[in-house]
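Read the figures in this text as sums done on the coordinates, not as results from a lab. Bear in mind the structure is a predicted one, so any value in this text is a computation, not a measurement. Neighbour counts run over all protein chains shown; Cβ positions are idealised from the backbone, glycine included.
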Amino acid sequence: MEKNTKGNLDDLVKLTFFSDIVKGIAGAKTINEVIKHVMNQIGTIFAPLNWSLLLRDRKTGRLFFKVAVGKNAEKLKGEKVPRGKGVANWIADTGQAVIIEDVSKDSRFNSHFDEVTGFKTKSIIGVPLKTEGNVFGVIELINKLNGKNFTPFELKILSTIGDFAAIAIAKVYYFSALKKIATIDPLTEIYNRRVFDRQFKKEAERCKRYNDELSILMLDVDEFKKINDQFGHPAGDKVLKNLAGILKRNIRKVDIVARYGGDEFVILMPNTPKDKAELVRGRILSDIEECNNAGAEFPFKVSIGLKSSGPDNVDDLLIDADMDLYKQKTAGREEHNY
């Protein structure tokens, strides 16, 4: 009777922790937050010697260790699981949870990672992470601190935790995708005009408040229509993607580069005087020239307008940069015609 009472109390404690973990998972805003909360609480609830969370690589489909905790667990992080081998693969392939009391008697067990870590696996409990029937990960616990076997009740709790974690991770993926759609240009994978306009307002206000200088580079591809007409729109798309890559590698982390529309791009450079912005313009032009000389599939040139301002005229900065772009483009045509 006393033994049953103690077991019931242990189960009640586990349910209390379970309530906490569900609340924590529901409030997580990033995948790392979800995983961190799940792994911390698993250690408290189940007291395993080692425990890990594995995810499927979206390109290869192979499981890899996203997080591993316990003896020599640092050797596992990022390690890929051999295809078709081990308990984790079995869980991922079947979508079923499992308790294995003695791995030496189970053909599904593979000792590869014991050899990597020097750890001796005796028992395993594991559950799949899945949404809409698709398994994208596995939670796996190995050996209990007290040497006892995992129980069916613990498997039920872990399965439910896995279900909530899967829902939370899927939710984060969903909102991340929505955010990307709202902020990132799908072709060039840089910010879109909506993000730029919002950031320009913020930086203009900061410029006024702290008496800073703000610079803008506005550029477009020379004779872009001719590229599309001569080589087709896929060629034009490649040019825009190549240009976006050149712009990204020539700016600082604090700068904002965005596709403003069509073949027009803009770079916002906070706390940057004109002479510093001029250096960036020069680097971009040199980088494009080097790419063309190196045998770019579709060579191209750009015109770049540049304007800098302190707090007095910062609201007109975008218009002024656009006007300078027009001057640069006109000067380029006249030079070419001459």
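Placing unit charges on C-beta atoms (Lys and Arg positive, Asp and Glu negative, everything else neutral), compute the dipole magnitude of the chain about its Cα centre in debye, rounded to 20.
On the way: 54 positive and 47 negative charges, 276 e Å.
Charge dipole, the chain, about its Cα centre: 1320 debye, nearest 20.
Between residue 210 and residue 235, the contour length at 0.36 nm per residue exceeds the alpha carbon distance by 4.6 nm. Sorted fewest first by neighbouring Cβ atoms within 10 angstrom, 37, 233 come out as 233, 37. Within region 193-337, all pairs of alpha-carbon atoms sorted by distance into 5 Å bins from zero give the percentages 2, 10, 19, 22, 20, 13, 8, 4, 2, 0.
If R0 equals 35 Å, the separation of the Cβ atoms of residue 93 and residue 145 corresponds to a calculated FRET efficiency of about 0.75. For the chain, the longest principal axis of the alpha carbon atoms and the long axis of helix 274-293 meet at an angle near 80°. Solvent-free Debye calculation, one equal scatterer per alpha-carbon of region 118-201: log10 I(q)/I(0) at 0.19, 0.20, 0.21 Å⁻¹ equals -0.88, -0.93, -0.98. For region 115-169, a crude dipole built from +1 on the beta carbon of Lys and Arg and -1 on the beta carbon of Asp and Glu, taken about the Cα centre, is about 280 debye to the nearest 20.
Before anything else, pin down the relative contact order of region 2-181: Cα pairs under 8 Å, at least 6 apart, normalised by residue count, whole percent.
On the way: 283 pairs, mean separation 42.1, N = 180.
So the answer I get is 23 percent.
For the chain, adding -39500 (n - 2.57) for each run of n ≥ 4 DSSP H residues and dividing by the number of residues yields -17000 deg cm²/dmol at 222 nm. Evaluated on region 90-235, the Kirkwood hydrodynamic radius is 21.0 Å, with distances taken between all distinct Cα atoms.
Rg and Dmax, both from the Cα atoms of region 65-118 and both in Å, are 11.5, 29.
Cα-based values for region 103-159, radius of gyration first and Dmax second, are 12.9, 37 Å.
When averaged across all projection directions, what area in nm² does the alpha-carbon convex hull of region 181-259 cover?
Spelled out: convex hull of the Cα atoms, projected over all directions, averaged, 6.0 nm².
Our summary gives region 223-268 a relative contact order of 23 percent, counting only alpha carbon pairs under 8 angstrom and 6 or more residues apart.
Computed from the C-beta positions of residue 85 and residue 181 and an R0 of 45 Å, the FRET efficiency is 0.70 to the nearest 0.05. In this simple spin-label model, placing a label point 7 Å from the Cα along the Cα-to-Cβ direction at both residue 75 and residue 271 gives a separation of 4.6 nm.
For the chain, the longest principal axis of the alpha carbon atoms and the long axis of helix 31-46 meet at an angle near 10°.
Residue-normalised convex hull volume from the C-alpha trace of region 29-152: 112 Å³ per residue.
Normalised by residue count, the chain yields a Cα convex hull volume of 192 Å³ per residue. When the Cα positions of 170, 124, 92 are compared along the charge dipole of region 2-181, 170 comes out farthest toward the positive end, with charges on each C-beta of Lys, Arg, Asp and Glu.
Helix 193-210 versus the longest principal axis of the chain: what is the Cα-based angle in degrees, 0 to 90, to the nearest 10? Tilt of helix 193-210: around 80 degrees.
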